[in-house]
Amino acid sequence: MKYGLPGISNIVSSTSTTKIESQILFPGRVADIILDNSHPLFNERGGWNSIGSLIFNPNNTFNRDTVNTVAKPLFPNIKLYPLINELVIIIRLPNSDNDITPSSFDYYYFPPINIWNSQHHNAIPYNSILSPPQQKDYQQVEGGSVRRVTDNSTEINLGSTFQEKTNIYPLLSYEGDYILEGRWGNSIRFGSTVKNPSIKNNWSDEGNEGDPITIIRNGQRRLSQPGWEPTTEDINGDDSSIYLTSTQKVPLFPSSNIKNSFSNTDIASEDPQVYKGNQILLNSGRLIFNAKQDSILLSSNKIIHLSANKAVHIDATDKIVMDTKEVYLGSRQASERLVKGDAFVLELKKLVVALEGLSKACTTAQAGPFPIPGLNTIGPSLEAAVKDLKKAIAGPNPKILSKDVKTK
């Protein structure tokens, strides 16, 4: 059966099409909206200047084909376009021709009316054929209850691509918070430390009441609670987060907490979940830092710690330079010192001269008139080995030295 919303819809129906030109402020139901150049009214309403313009019904009807009353967004720098069947406040104000024709005007609209107190959508049906669960849902609203959809869909026409979800949870607001929420679980909170609230959050265990915090979140954690119950941000459960803190402690649990490179005498940084103070935390499934034209500079007053559960790779087409007092390779407990290659080659060249003479002496060694077989035999072998060593250390780039790795 057809089921309307007389309590809510009559607010709109009280404004007829014959009266709107005499009114400055009145409600309207969104019948359609121009979002791109595929809309049939795109060229007629000014091409790309028409983006955001909506077609509204000033009375209690819904007909895209017969209604052609257009309103433009009131705010030029905020794009908060309504969905079909949402209600907006329409205002009649001067247009660009007002200097020439003082009586000329256009209609402009405010953001959608907060019918359901939902950031996801605030559309209401009109004369829609609703299923029994949906009828019960909206009948409860007419009786003074808050709308609570528990299935995965609604018969309200919201547009060609918008699909209503039942698991988009509103953010809980604390006193003094300024929150911007998108329709899909993305948000910015300008908040603060809140001591002893009735519903706790995960950033107020440290710091003083009112210390500022800014949280940018995209994609909220999966919860089992109903979609109309509010929640707070969770840096470990939400899809992507940026936290800008002042005195707070945020319980971020890192993917890798390997610290084998530290010894008992090293200065160690505090774990993310216990550190308190001003910091910026980024957490997501993947992080990419890309400098298109210049450089990425990492600077720290104490430590830069790289930790990974599998591997750390460093690639460069030119060179990798490390300028430090000590370098440990393989283990923090490494105790064997590396050989300085060029200095070692220089000493080998000195040794080769002596070994060449020794090999010749061994080859012709005699005790009186008698040859010394042991030395005579080893002489040619020693001479061959010295010859090979001499080749290995010959030239400006001896082959026993690395072409890539250098030390001082």
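Each reported figure results from applying straightforward, stated rules to the coordinates on display, with no laboratory input. From a predicted model like this one, the values you see are computed outputs, not experimental measurements. Every residue, glycine as well, gets a Cβ built from its backbone with ideal geometry; the counts of neighbours run over all protein chains shown.
Once amide H atoms are built 1.01 Å from N in the peptide plane, which residues 5 or more positions from GLU206, or in another chain, come under 5 Å H to H?
LYS249
Would you work out which of LEU351, SER331, CYS362 lies farthest towards the positive end of the dipole of segment 303-364, given +1 charges on the beta-carbon of Lys and Arg and -1 on that of Asp and Glu, about the Cα centre?
Of the listed residues, the answer is CYS362.
Distance between the C-alpha centers of segment 270-309 and segment 374-401? Whole Å please.
Result: 52 Å between the Cα centres.
Over segment 150-300, consider all pairs of different Cα atoms and compute the Kirkwood hydrodynamic radius from their mean reciprocal separation; express it in Å, one decimal.
Averaging 1/r across every pair of different Cα atoms and inverting gives 17.9 Å.
Please report, largest first and rounded to whole Å, the three semi-axes of the ellipsoid equivalent to segment 341-392, where each semi-axis is the square root of five times an eigenvalue of the C-alpha gyration tensor.
That gives 27, 10, 6 Å for the three semi-axes.
Quick check: residue separation of ILE179 and SER96 times 0.36 nm, minus the Cα distance between them. What number comes out in nm?
Here the answer is 26.5 nm.
To the nearest Å, what is the center-to-center distance of segment 322-340 and segment 31-49, using C-alpha atoms only?
Answer, in whole Å: 67.
Determine ³J(HN,Hα), in whole Hz, for all residues of segment 266-276 in sequence, where each value follows from phi through the Karplus function 6.51 cos²θ - 1.76 cosθ + 1.60 and θ = phi - 60°; x replaces Gly and Pro.
Values, residue by residue: 6, 6, 10, 7, 5, 4, x, 6, 10, 5, 10 Hz.
Identify all aspartates and glutamates with a Cα-Cα distance to LYS360 below 18 Å; exclude those on the same chain that are fewer than 8 residues away in sequence.
GLU383, ASP388
Taking the Cβ of LEU171 as the centre, find all other residues whose Cβ is under 10 Å away and add up their charges (Lys, Arg: +1; Asp, Glu: -1).
For residues surrounding LEU171, the net value is -1.
Rounded, prolate or oblate for segment 246-292? Axes are the square roots of the Cα gyration tensor eigenvalues, ordered a ≥ b ≥ c, and the cut-off for rounded is a/c under 1.5.
The shape class here is oblate.
Relative to the Cα centre, what is the charge dipole magnitude of segment 341-392, using +1 at the beta carbon of each Lys and Arg, -1 at the beta carbon of each Asp and Glu, and rounding to the nearest 20 debye?
Charge dipole of segment 341-392: 100 debye, to the nearest 20.
Find the all-direction average of the projected area of the Cα convex hull for segment 258-408, expressing the result in square nanometres with one decimal place.
Result: a mean projected hull area of 16.1 nm².
Of LYS259/LYS325; LYS259/LYS302; LYS387/LYS408; LYS292/LYS406; LYS200/LYS249; LYS349/LYS399, which pairs sit farther than 18 Å apart, going by alpha carbon to alpha carbon?
In this structure, LYS259/LYS325; LYS387/LYS408; LYS292/LYS406 lie more than 18 Å apart at Cα.
Once you list every other residue whose beta carbon is under 11 Å from the beta carbon of LYS276, what net charge do they have if Lys and Arg are +1 and Asp and Glu are -1?
Every neighbour counted, the sum reads -3.
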